[in-house]
Amino acid sequence: MKSSASLSSLLCYNKASLSRSAFLLPKPLHRSSFLVGAGASGPDRAANRRVGLRIGTSGFSTAAVMAASFKPEQARAPPALPLPNPPLAKFKIGLCQLSVTADKERNIAHAREAIRKAVDKGVQLVLLPEIWNSPYSNDSFPVYAEDIDGGSSPSTAMLSEAAKALKVTIVGGSIPERCGDRLYNTCCVFGSDGVLKAKHRKIHLFDIDIPGKITFMESKTLTAGETPTIVDTDVGRIGIGICYDIRFQELAMIYAARGAHLLCYPGAFNMTTGPLHWELLQRARAVDNQLYVATCSPARDAGAGYVAWGHSTLIGPFGQVLATTEHEEAIIIADIDYSEMEMRRTNLPLEKQRRGDLYQLVDFQRLNS
């Protein structure tokens, strides 16, 4: 397992590249890899030429040349890391869908009790919701924000104590974080020894305006995070995103290329986008990258200013829903078996079929580290 220091040095970045941490970069096509078209007429042949395609005279020679020119190892820059051997191949995860009130002390105590109940059921990883210690509103964020780095954070102090006392890894949902004159939406990950292993600040801020449905602008109060977060834990390598981060497939692709077993997204989708997109996005991130995706939402409070959709879920690497719930408060217990990732990637070898001759995902942090 890497220490926090070694992991942060691995993920160091060029600040000039922050705005393009993940980018799909088309690669030039080489004429030497083209096949002369035999059956295409003028317009069809011209169209083929524009996209770098040729129709070969021999199916065998076409396949051979195309296979040689695919260059899947170049579809990720730097090349994708091999999937590491996890400390545990099988374990239980607990998704704690919690009711949230205006009483911070109650919220902290309630989350601590939910973690205990999950551990009593045999889980070795607990995931909490987005903004579980505070109402979800721009008015509340400054009031409930905590100075995590400065040590004035009762919410993360509880997570650290609970992780150590219960010997469980905790992906601590998110809370409003104060750092100097800035506020962030922040997720802290604690190891089973109680040590803070990673801190993810929400990269993509939730700014949405659907007339007659929902308008919310996180950017009015919050600052966007500047770095993807991946962390080695007692239950494998985990990539972290918060809610709106799940909409950006490049982030998930970077985590997969860095060898993630599991992506965790604490989130609070709303009553407009939740029914349409919440499960869809989770399944898409899982099946595209052939890994596990876990999400955790607050329970629904119909009287709140922002009403959460709920439906915390675990998705398997073939896009299947392994466990989920409705909108009420609940603790979902589910099994994760990383051997399924190996099976799915063998059955459907996407990594070997990528077209590195046509496109490339560039991870600027790793490239510049």
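I'd like to check something: does region 165-174 contain any residue that is more than 22 Å from the chain's Cα centre (by Cα) and more than 30 Å from PRO82 (Cβ to Cβ)? Yes, because at least one residue in region 165-174 is more than 22 Å from the chain's Cα centre (by Cα) and more than 30 Å from PRO82 (Cβ to Cβ). Has region 154-171 got at least one residue that is among the hydroxyl-bearing types (Ser, Thr, Tyr), touching a residue at least 60 places away in the same chain (Cβ under 8 Å) and surrounded by fewer than 21 Cβ atoms within 10 Å (Cβ to Cβ)? No: zero hits. Of all residues in region 153-179, those that are of a type in the set (Gly, Ala, Ser) and in contact with a Leu (Cβ under 6 Å, 6 or more places away or on another chain) total 2.
For ILE131, state whether it is of a type in the set (Val, Ile, Thr) and under 21 Å from GLY191 (Cβ atoms). So ILE131 fails the test.
Quick one: in region 127-149, which of the residues that are open to solvent by less than 30 Å² (accessible area, probe 1.4 Å) and among the hydrophobic types (A, V, I, L, M, F, W, C) is farthest from GLU218 (Cα to Cα)? Across region 127-149, the extreme among qualifying residues is LEU127. Taken over region 105-130, the criterion of being part of a loop (DSSP other than H, G, I, E, B) and touching a helix residue (DSSP H, G or I) at 6+ places or on another chain (Cβ under 8 Å) is satisfied by LEU128, GLU130.
Per-residue answers, yes or no, for (1) over 22 Å from ASP207 (Cβ atoms); (2) in contact with a His (Cβ under 9 Å, 6 or more places away or on another chain):
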| position | (1), (2) |
| --- | --- |
| GLY241 | no, yes |
| ALA252 | no, no |
| PHE269 | no, yes |
| GLY274 | no, yes |
| ASN289 | yes, no |
| PRO298 | no, no |
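If you go through region 131-161 and keep only what is assigned to a loop (DSSP other than H, G, I, E, B), of a type in the set (A, V, I, L, M, F, W, C) and touching a Lys or Arg at 6+ places or on another chain (Cβ under 6 Å), you end up with just ALA145. When GLU279 is tested against (1) surrounded by 22 or more Cβ atoms within 10 Å (Cβ to Cβ); (2) closer than 30 Å to LYS352 by Cα, exactly one condition is not met: (1). Of everything in region 106-123 that is out of contact with any Gly (no Cβ under 9 Å at 6 or more places or on another chain) and not small (Gly, Ala, Ser), the residue that is surrounded by the most Cβ atoms within 10 Å (Cβ to Cβ) is ASN107.
Just one of SER160, SER174 is farther than 24 Å from TYR306 by Cα, at pLDDT 95 or above and among the polar types (S, T, N, Q); which is it? That would be SER160, the only listed residue that is farther than 24 Å from TYR306 by Cα, at pLDDT 95 or above and among the polar types (S, T, N, Q). In this structure, HIS204 does not qualify as free of Cβ contacts under 8 Å to residues at least 40 places away in the same chain, surrounded by fewer than 19 Cβ atoms within 10 Å (Cβ to Cβ) and in contact with a Phe, Trp or Tyr (Cβ under 8 Å, 6 or more places away or on another chain).
Hey, any hits in region 329-347 for a residue that's of a type in the set (Ser, Thr, Tyr), without any contact (Cβ under 8 Å) to a residue 40 or more places away in the chain and open to solvent by 50 Å² or more (accessible area, probe 1.4 Å)? Within region 329-347 (the criterion being of a type in the set (Ser, Thr, Tyr), without any contact (Cβ under 8 Å) to a residue 40 or more places away in the chain and open to solvent by 50 Å² or more (accessible area, probe 1.4 Å)), the answer is yes, since at least one residue qualifies.
Would region 55-75 turn up any residue that is modelled with pLDDT of 60 or more, open to solvent by 50 Å² or more (accessible area, probe 1.4 Å) and assigned to a strand (DSSP E or B)? For region 55-75, residues modelled with pLDDT of 60 or more, open to solvent by 50 Å² or more (accessible area, probe 1.4 Å) and assigned to a strand (DSSP E or B): absent. When you scan region 87-108, do you find a residue that is of a type in the set (Phe, Trp, Tyr) and under 25 Å from TYR306 (Cβ atoms), even just one? No, that holds for no residue.
The values are calculated or read from the model by the stated rules, or taken from the named source; none is laboratory data. Predicted model only: the values in this text are computed from it and were never measured. Methodologically, a virtual Cβ is constructed for each residue, glycine included, from the backbone with ideal geometry; neighbour enumeration extends over all protein chains shown. Just so you know, the surface numbers come from the protein's heavy atoms only, side chains and all, with ligands and any DNA or RNA stripped out. Shrake-Rupley method; radii C 1.70, N 1.55, O 1.52, S 1.80 Å.
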